[in-house]
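For reference, the structure discussed in these notes is given below.
The values are calculated or read from the model by the stated rules, or taken from the named source; none is laboratory data. Remember, predicted model here, so these are calculated numbers, not experimental data. Positions of Cβ are backbone-derived with ideal geometry, glycine not excepted, and every protein chain shown enters the neighbour counts.
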4 protein chains.
Amino acid sequence: MSYNFEPGRIYRMPTHFGPTPGPRQWPDADGRDWKHSARTLTVSAGFLTDAARLDRHLPEGFTLIGEPVVTVDFHYMTGIDWLAGRGYSMIFVSWPAAFTGRHDKASGKFVSVIWENLADPIIAGRDEIGHPKLYAEIPEPRFWDGAQICSAGWMGFRFLDLAVSELGDAAPPSTRPQSDGTMMLKYLPRTGTWGETEIKQVTITPAEEPETAVDRRQTGVGAIRFHRATPSDLPTMYHVVNALADLPIIESRGGSITHSRGSKWSRDQRVLA
Amino acid sequence: MSYNFEPGRIYRMPTHFGPTPGPRQWPDADGRDWKHSARTLTVSAGFLTDAARLDRHLPEGFTLIGEPVVTVDFHYMTGIDWLAGRGYSMIFVSWPAAFTGRHDKASGKFVSVIWENLADPIIAGRDEIGHPKLYAEIPEPRFWDGAQICSAGWMGFRFLDLAVSELGDAAPPSTRPQSDGTMMLKYLPRTGTWGETEIKQVTITPAEEPETAVDRRQTGVGAIRFHRATPSDLPTMYHVVNALADLPIIESRGGSITHSRGSKWSRDQRVLA
Amino acid sequence: MSYNFEPGRIYRMPTHFGPTPGPRQWPDADGRDWKHSARTLTVSAGFLTDAARLDRHLPEGFTLIGEPVVTVDFHYMTGIDWLAGRGYSMIFVSWPAAFTGRHDKASGKFVSVIWENLADPIIAGRDEIGHPKLYAEIPEPRFWDGAQICSAGWMGFRFLDLAVSELGDAAPPSTRPQSDGTMMLKYLPRTGTWGETEIKQVTITPAEEPETAVDRRQTGVGAIRFHRATPSDLPTMYHVVNALADLPIIESRGGSITHSRGSKWSRDQRVLA
Amino acid sequence: MSYNFEPGRIYRMPTHFGPTPGPRQWPDADGRDWKHSARTLTVSAGFLTDAARLDRHLPEGFTLIGEPVVTVDFHYMTGIDWLAGRGYSMIFVSWPAAFTGRHDKASGKFVSVIWENLADPIIAGRDEIGHPKLYAEIPEPRFWDGAQICSAGWMGFRFLDLAVSELGDAAPPSTRPQSDGTMMLKYLPRTGTWGETEIKQVTITPAEEPETAVDRRQTGVGAIRFHRATPSDLPTMYHVVNALADLPIIESRGGSITHSRGSKWSRDQRVLA
């Protein structure tokens, strides 16, 4: 008597031991107070680059919109519900783009790659949302000599440095940028028929975050540096890091530090077709 | 001008920076000497359990065959080609089963869960093969007081202990067990329509390993213990560990230690339908 | 031409490359704003134990004073000057005692053992002050299910759990406890003549912390548990953990959580004789 | 009733819980089979440098002998008795020197700094022998593209690379170099009287290792690189790494890889006066 999948429940591999807990399925999630779950320190910086070069890293159906500005966000999170109060960190690399499908249109942020320092959200995000998540060592951020300093590495090879200096308190942006949300490409290769595609879908996380409050925001001068790697340094992702390192930095576009509280029941993602 | 997928090349998320290197796609893989890549120390033990209880963790299409013996294998690997000579460790929990599909039949080893201590092979294995891989801390094995000692934990909670003692040199098994290979369930949930299935496929890795040589093999007395966990201890996988901890250990089925060399071009996996 | 020690400068091994930077010697330490360096989250709990049992762990010259209450403090620190803004965590196990030397008398807190999760302050503290520091893995604290949860382990063996629950805001203690400071035994064995003593001194850190401000303080119900270990589990410190685990817990003595800012130029330690 | 130190037993801080286990004091050390405890992979390389520059890093009483060649040895060890079968890695930076004291004369290897990736032997070695040990992250060595590759870092900053390539099997050195052993400076600063010295002694580990057998030895072309660091990168040891990085590499002096077994009861160290 093999098992049956319980209807309406989310599963991830391995599926053989029951529905899988995670950010979108948690024993006590219903009564959760979203306003007070998770505290996040976000350190961000951006740079203007060459539109034609950036365009080469957009999948079919997407076009650049506005200025070709690459944004790198480090999010250091603690008090996460679905990790029983633990935390982890993530890095988003994104730029503005629009998607035009057969039925759907959307514009907002295109997430090209995400690094996280914990395998569990990497697995959940890839499988359930199509988050392009990879693993990196992400040390705790530090403030030193007037700058907030962030970095990321893999097996001792540091591939990304970001710093924000000359900080001053800033009001929250008065008008929220027009955005439908954050868009990704959910992709799965086919087993056995190597080189073929099993799944290719555009997914979106809507921009609304009604339960998140900003406690403090500062802006300053940002600096981003990706370090080129050999296959020996980063055998599973030298191509990602080198593509980003090769984007020309035409102009820095400022940096910011944001302390915020709250999260949302992250089940609002959907497929765009 | 967005990018196109190069035909015949394997991609994983993020797909935007070119084909993705990994165990099945590596710059210099063609001329590789499989006999000398990777060294593995395997420490294994098994136990006889209750067939009815085990059956509840088999997906549709599978039935138990032979004795209901759960085997836990720790593989400690070094010198891995596609990691530029680095290593990592993995734990397989499996039992004998047969699959009957509409077209295909196979029998061999059913892999219920795999733990690894490196995110990169977790991502590659889940996406390309359907390996049910999760992350665990896996300390280096140690030999102490007459026993080879292995363990695994997550964020400081040790959930698995395995030891093999009273070791004696053993000949390699004279007849290889009849097996078509190692079978898994490749599963992906659907984004947005929560609780629905995007992909559900049975996959198999054929048993042949022509380039692997065993340097030394010892057998002894095995002992396995899964430690029950609360959601607070293991919020993303208490259900997996507890299901295994709840399987009755009717009888220990011996243990072994194997030192081997070599690997194979792991592109022989396929979908069973 | 061998080198000379620069007069008035602090050295630690290796001494061959110049004076050694650290908590008591830092390039720009003079102008430092102590009020704003380091943020600390302290989670504490205590228990009443048997005086006679506790007394066995006091060195010559010390006597218990007041109630025999063992206090365990977890300090999670960030923004540390002499680590260029990085942080680390420490655990103090202490009880009240008085020291009577030939010349000096002092009473306050006797620190029996300290665990830290970074080798650099372990080395500096042992050598410069006589801090009885050992290494432990100390995960970030987490708040879950109404409790602040702390733990410590070594190579995957968790040897200490501490939790504080039923928290309520509390005023800072109205009267500071009468204390001359924190006392330790600085000890160094003699090389070659095994079993003999090279250095044995009582040291003290005065209690004053004029630049430290408490941002928030909560009190609640504390719970402490040391887990007994075998030599195989903790080969370098099973004797420490087991001695603490063997102290009877006659009564819990409450717990607290304190958020504070600031540090001091930690050069006020001295030898008591 | 405070405790007394048991005569003839080695103690380290904290001394309050009984004699301290370690490499020179272990419950079952007497009957130990030294031939089979510990396996070591040693990867070494050296370079000729400027004698005058090197001399500046020799303490009083020492003079350079022979050629001013700096040797860097990475030792990757497993199966260590006093760690209950666990392992760790260490890096020695040394050069040839002679010591002339009031009574003693010795010549051999002067160890300027040692890095290890485990705090427990750092503490034991510093306190009991005067080993100038610091902490570093030392990834497992890897063989890739014809070279054995070693590295070391701290909090994500890689400060040392060593590689040995063009390897060929080599006989063990036919004549052991004339050496009395490995010499160090055991140093402890004085608490309170900052800048004064509590202990300064020259110590030696005799060269004899009667129970160690070499299983395989290869020689090749070595390459060493220390990476200069800022105080922000390596706040506790930029001065050490920069002093080594600043030594001119006049000529590479070959490299080697050695696989060996066995250890010794490491109680033969003594003070030279």
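Okay, here's what the table says:
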| quantity | calculated |
| --- | --- |
| Single residue of D:Asp127, D:Asp120, D:Asp73 found to be acidic (Asp, Glu) and in a strand (DSSP E or B) | D:Asp73 |
| Checking B:Ala171 against (1) more than 9 Å from every other protein chain (Cβ to nearest Cβ); (2) within 21 Å of the chain's Cα centre (by Cα); (3) over 30 Å from B:Arg270 (Cβ atoms), the condition it does not meet | (2) |
| Candidates C:Ser107, C:Ser2, C:Ser94 - the one that is within 13 Å of chain D (Cβ to nearest Cβ) and part of a strand (DSSP E or B) | C:Ser94 |
| Residues that are over 20 Å from C:Arg217 (Cα atoms) and in a strand (DSSP E or B), drawn from the range C:130-149 | C:Lys133, C:Leu134, C:Tyr135, C:Glu137 |
| Condition met for D:Thr63 (modelled with pLDDT of 95 or more, facing another protein chain (nearest Cβ under 10 Å) and not in a loop (DSSP other than H, G, I, E, B)) | yes |
| Inter-residue pairs, beta-carbon under 7 Å, first within 12 Å of chain B (Cβ to nearest Cβ) and in the range A:129-143, second among the small types (Gly, Ala, Ser) and assigned to a loop (DSSP other than H, G, I, E, B), 6+ apart | A:Glu137/D:Gly156 |
| Restricting the range D:181-196 to residues that are at the interface with chain C (Cβ under 7 Å from one of its Cβ atoms) and without any contact (Cβ under 8 Å) to a residue 40 or more places away in the chain, the residue that is surrounded by the most Cβ atoms within 10 Å (Cβ to Cβ) | D:Pro189 |
| Members of the range A:30-59 found to be surrounded by fewer than 17 Cβ atoms within 10 Å (Cβ to Cβ), in contact (Cβ under 8 Å) with a residue 12 or more places away in the chain, assigned to a loop (DSSP other than H, G, I, E, B) and not basic (Lys, Arg), listed by number | A:Asp50 |
| Members of the range D:214-245 that are charged (D, E, K, R) and more than 10 Å from chain C (Cβ to nearest Cβ) | D:Asp215, D:Arg216, D:Arg217, D:Arg225, D:Arg228 |
| Yes/no for A:Thr219 being surrounded by 17 or more Cβ atoms within 10 Å (Cβ to Cβ), under 25 Å from B:His16 (Cβ atoms) and either in contact (Cβ under 8 Å) with a residue 24 or more places away in the chain or within 17 Å of the chain's Cα centre (by Cα) (or both) | no |
| Residue match in the range C:7-15 (condition: away from chain A (no Cβ under 14 Å) and under 16 Å from the mean Cα position of the chain (by Cα)) | no |
| Subset tally (residues that are more than 14 Å from chain C (Cβ to nearest Cβ) and without any contact (Cβ under 8 Å) to a residue 40 or more places away in the chain) for the range A:72-89 | 2 |
| Of the criteria (1) of a type in the set (Ser, Thr, Tyr); (2) under 25 Å from D:Ile199 (Cα atoms); (3) away from every other protein chain (no Cβ under 12 Å), which one C:Thr49 fails | (2) |
| Selection from the range D:197-213 of residues that are among the polar types (S, T, N, Q) and more than 11 Å from chain C (Cβ to nearest Cβ) | D:Thr212 |
| Among the residues listed as D:Arg24, D:Arg12, the single one being under 30 Å from D:Trp154 (Cα atoms) and modelled with pLDDT under 95 | D:Arg24 |
